[in-house]
Amino acid sequence: MKVLITGGAGFIGSALCRLLIAETDVEIVNLDKLTYAASPESLAALAGHPRYKFEKADICDAAALDRVFSAHQPDAVLHLAAESHVDRSIDAPSAFIDTNIVGTFTLLQAARRYLDGVPPARRDGFRFHHVSTDEVYGSLAAEGAFREDTPYAPNSPYSASKAASDHLVRAWQHTFGLPVIMTNCSNNYGPYQHPEKLIPLMITSAVRGRPLPVYGSGANIRDWLFVEDHARALWLVLSRGRVGEKYNIGGDAEMTNLDLVHLICGILDECRPAAPHCPHSSLIAFVADRPGHDMRYAIDAGKLRRELGWRPRETLATGLRQTVAWYLANLDWCAAVRARGYDGERLGLAKPGPAEPGPAEPGLAEPGLAKTAGSGR
């Protein structure tokens with residue numbers, strides 16, 4: 001089986017590539033634009049592997065997608081390519097509209113054109129697995145959890161763009177018969193996550209003795225999912241899930257942001273007792289809340305457990321210890337990320353700035369017209 005993974009140099013995508021090479025006989029084609037959030041270092045061990053190929057391309061580039069589909073003839077698509085940081089979507093939403101909506105549309109159309117040219121047997125076995133987020137459901141009160149049938153109520157530019165992409169995927173199945181599967185996951189964490197995200201930001205800032213910014217009162221609750229558990233769930237859904245179905249993936253690990261930061265600080269205290277800023281919790285600093293900050297997310301992953309037998313291998317305690325240990329052992333990687341332009345500065349304050357460029361108009365090529373119509377950026 002050959003799988004085209006979009007966004008395979010990103011945090012979740014790279015974990016998925018490493019897992020599939022290590023634990024399956026699947027062939028991988030990793031298509032990634034290599035934006036600021038990509039980490040080529042996370043895939044260094046796969047370089048030269050006979051079952052791994054890399055294609056630098058933009059999912060908004062229809063001609064490039066047609067070339068990749070034609071050259072590699074995949075049996076499935078795992079679509080993870082996306083802009084994903086809520087704070088950045090507040091500061092600069094146009095990239096999220098472009099990549100998450102226009103890019104998903106362009107990829108769906110490329111998949112249709114590709115399937116028009118393959119034999120019926122291969123077409124019947126093809127799968128388009130769209131990877132999404134629990135944030136499309138909005139915010140929960142103190143009780144309950146998101147189910148697959150929870151109505152959509154996105155509250156940030158990021159979640160709205162992902163909700164739009166989910167709707168496109170669903171429509172392309174119902175209108176055009178594209179064999180799709182969808183997953184919506186809770187907050188991921190683990191090795192190689194870009195330090196703009198909460199857990200690596202806290203770890204890397206604490207190591208440097210910098211303030212640990214907690215938004216608002218820190219009472220916002222998230223459900224945390226170790227990235228390798230997520231990668232195993234994605235492969236399970238792709239290989240055994242039912243076409244047309246949606247599966248929620250969660251870690252069953254709810255915690256307030258403030259409690260999470262205290263837990264990280266406690267692990268750092270154990271690992272670095274001689275640090276000059278120990279206890280690390282002394283670095284916690286409450287800052288202005290994120291505009292429109294959702295209060296609580298929680299995932300009901302019962303459908304995935306019942307139908308496919310998936311359960312996370314890691315608890316939040318065990319996964320977080322692995323994550324802290326990884327960052328402490330890979331401070332050079334953290335420094336390299338900082339050198340590429342992000343040094344832990346606050347994002348998502350919704351300050352007015354210069355007008356953003358709108359997204360490029362997508363190519364509206366229909367199946368069979370790939371050679372004469374397309375889009376670029």
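The values are calculated or read from the model by the stated rules, or taken from the named source; none is laboratory data. In this text, all values refer to a predicted model and were calculated from it rather than measured experimentally. Glycine gets a Cβ as well: all are built from the backbone with ideal geometry, and neighbour counts include every protein chain shown.
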Checklist entry - So, of the residues in the range 13-37 that are touching a Gly at 6+ places or on another chain (Cβ under 9 Å) and farther than 23 Å from Tyr114 by Cβ, which turns out to be surrounded by the most Cβ atoms within 10 Å (Cβ to Cβ)? => result Ser14
Checklist outcome for this item: The strands (runs of 3 or more DSSP E) lying entirely within the range 176-259 that contain at least 1 residues which are in contact with a helix residue (DSSP H, G or I) (Cβ under 6 Å, 6 or more places away or on another chain) are 180-185, 187-189, 212-215, 221-226, 246-249
Checklist outcome for this item: All conditions in (1) surrounded by 18 or more Cβ atoms within 10 Å (Cβ to Cβ); (2) part of a loop (DSSP other than H, G, I, E, B) are true of Thr323 except (2)
Checklist entry - Among the residues of the range 37-53, is there at least one that is touching a residue at least 60 places away in the same chain (Cβ under 8 Å) and either closer than 22 Å to Phe126 by Cα or among the aromatic types (Phe, Trp, Tyr) (or both)? => result no
Checklist entry - Do you know which residues across the range 48-60 are at negative phi and over 20 Å from the mean Cα position of the chain (by Cα)? => result His49, Pro50, Arg51, Tyr52, Lys53
Checklist entry - Can you name the residue in the range 260-291 that is of a type in the set (A, V, I, L, M, F, W, C) and in a loop (DSSP other than H, G, I, E, B) and is also surrounded by the most Cβ atoms within 10 Å (Cβ to Cβ) among such residues? => result Cys278
Checklist entry - Only one of these conditions is not met by Gly309: (1) at pLDDT 95 or above; (2) of a type outside the set (D, E, K, R); (3) on the phi < 0 side of the Ramachandran plot. Which number is it? => result (3)
Checklist entry - When residues of the range 74-133 are filtered for being hydroxyl-bearing (Ser, Thr, Tyr) and surrounded by fewer than 20 Cβ atoms within 10 Å (Cβ to Cβ), how many remain? => result 1
Checklist entry - Does Asp294 qualify as being under 19 Å from the mean Cα position of the chain (by Cα), within 18 Å of Thr256 (Cα to Cα) and in a loop (DSSP other than H, G, I, E, B)? => result yes
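A quick yes/no check of all residues on (1) in contact with a Leu (Cβ under 8 Å, 6 or more places away or on another chain); (2) in contact (Cβ under 8 Å) with a residue 24 or more places away in the chain; (3) within 19 Å of Val131 (Cα to Cα); (4) crowded, with 23+ Cβ neighbours inside 10 Å:
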residue	(1), (2), (3), (4)
Asp166	no, yes, yes, no
Gly190	no, yes, yes, yes
His194	no, yes, yes, no
Lys197	no, yes, yes, no
Ala206	yes, yes, no, yes
Pro211	yes, yes, no, no
Val214	yes, yes, no, no
Ala219	yes, yes, no, no
Checklist entry - Taking the condition exposed (fewer than 15 other Cβ atoms within 10 Å of the Cβ), within 23 Å of the chain's Cα centre (by Cα) and at pLDDT below 95, does Arg346 pass? => result yes
Item to check | Residues of the range 179-219 classified as polar (S, T, N, Q) and closer than 30 Å to Gly125 by Cα, total | outcome: 4
Checklist entry - When the range 134-148 is examined, which residues are found to be assigned to a helix (DSSP H, G or I) and either of a type outside the set (A, V, I, L, M, F, W, C) or surrounded by fewer than 18 Cβ atoms within 10 Å (Cβ to Cβ) (or both)? => result Asp134, Glu135, Tyr137
Checklist outcome for this item: Sole miss for Ala355 among (1) at pLDDT below 95; (2) at positive phi is condition (2)
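The rows are residues; the columns are (1) modelled with pLDDT of 95 or more; (2) under 18 Å from the mean Cα position of the chain (by Cα).
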| site | (1), (2) |
| --- | --- |
| Asn30 | yes, yes |
| Ala44 | yes, no |
| Pro74 | yes, no |
| Leu78 | yes, yes |
| Asp87 | no, yes |
| Pro93 | yes, yes |
| Phe105 | yes, yes |
Item to check | Residue check for Glu23: in contact with a strand residue (DSSP E or B) (Cβ under 6 Å, 6 or more places away or on another chain) and among the charged types (D, E, K, R) | outcome: no
Item to check | Evaluation of Val136 against (1) in contact with a Lys or Arg (Cβ under 7 Å, 6 or more places away or on another chain); (2) over 27 Å from Gly241 (Cβ atoms); (3) β-branched (Val, Ile, Thr) (one fails), failing number | outcome: (2)
